[in-house]
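Everything below concerns the one structure shown next.
The values are calculated or read from the model by the stated rules, or taken from the named source; none is laboratory data. These numbers were taken from a predicted model, which means no experiment stands behind them. Reconstructed Cβ throughout: ideal geometry from the backbone, glycine too, with neighbour counts over all protein chains shown. These accessible areas exclude ligands, DNA and RNA; they are computed on the full protein's heavy atoms, side chains included. Shrake-Rupley method; radii C 1.70, N 1.55, O 1.52, S 1.80 Å.
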Amino acid sequence: MTTMEKKDRYELLCRQIESLIGGEENQTGVLANVSAALHDAFPECFFWIGFYLVKGGELQLGPFQGPVACMHIQKGRGVCGTAWQQQKSLIVPDVEQFKGHIACSSESRSEIVVPFFNKAGEVAGVIDADSKDLNAFDDTDRQYLENIAKILSNALAF
């Protein structure tokens, strides 16, 4: 897939998500539909896509698409916990090279994690995407997943 094709798919997806979740207050339902929309838009890339939410001082598994996943992640642990701690998006081209990677699935080869924020500017959770391919994610993915994170932050009261 070319970068332009990817951008076009993301542009359409962002519009669809805004329409899909507009006016909705059911956090679980919104996150479930957004994870399904992301998975359906990029099935060749997103082996696993979903959300972890900050609850009780840890990241807890939220709605997702893909095989079973880790239920709890501590701040600073793995890619998700590190993105939470650093309050920034992380792209990991090869999870085997990421110190402290949490292997929820042995099939995961690369990962991108994008935090989203509550109204106070604190991390409320992360969007986590895994691929079976090395180096599957790039700056285009980061840019659009950050846009989707903003759409969610604006739509839901985290």
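Remarks
- Residue selected from segment 44-71 under the condition closer than 16 Å to PRO115 by Cα and surrounded by fewer than 17 Cβ atoms within 10 Å (Cβ to Cβ), by the criterion farthest from the chain's Cα centre (by Cα): GLY57
- Whichever residue in segment 83-110 is in contact with a strand residue (DSSP E or B) (Cβ under 6 Å, 6 or more places away or on another chain), polar (S, T, N, Q) and open to solvent by less than 80 Å² (accessible area, probe 1.4 Å) and, among such residues, is nearest to PHE47 (Cα to Cα): SER108
- Residue count for segment 21-32 satisfying the condition of being surrounded by 11 or more Cβ atoms within 10 Å (Cβ to Cβ) and either in contact (Cβ under 8 Å) with a residue 24 or more places away in the chain or of a type in the set (Asp, Glu) (or both): 7.
- Output for segment 89-117, where each listed residue is under 18 Å from TYR52 (Cα atoms), assigned to a loop (DSSP other than H, G, I, E, B) and either of a type outside the set (S, T, N, Q) or out of contact with any helix residue (DSSP H, G or I) (no Cβ under 7 Å at 6 or more places or on another chain) (or both): GLY100, HIS101, ILE102, ALA103, CYS104, SER105
- For segment 57-68, the condition holds for at least one residue, the condition being that it is touching a residue at least 12 places away in the same chain (Cβ under 8 Å), of a type outside the set (Gly, Ala, Ser) and either assigned to a loop (DSSP other than H, G, I, E, B) or under 17 Å from ARG142 (Cα atoms) (or both).
- Among the residues listed as GLU5, GLU18, the single one being in contact (Cβ under 8 Å) with a residue 40 or more places away in the chain, in a helix (DSSP H, G or I) and open to solvent by 80 Å² or more (accessible area, probe 1.4 Å): GLU18
- The listed residues are ALA124, ALA136, and the only one of them that is closer than 28 Å to GLY23 by Cβ, open to solvent by less than 80 Å² (accessible area, probe 1.4 Å) and not polar (S, T, N, Q) turns out to be ALA124.
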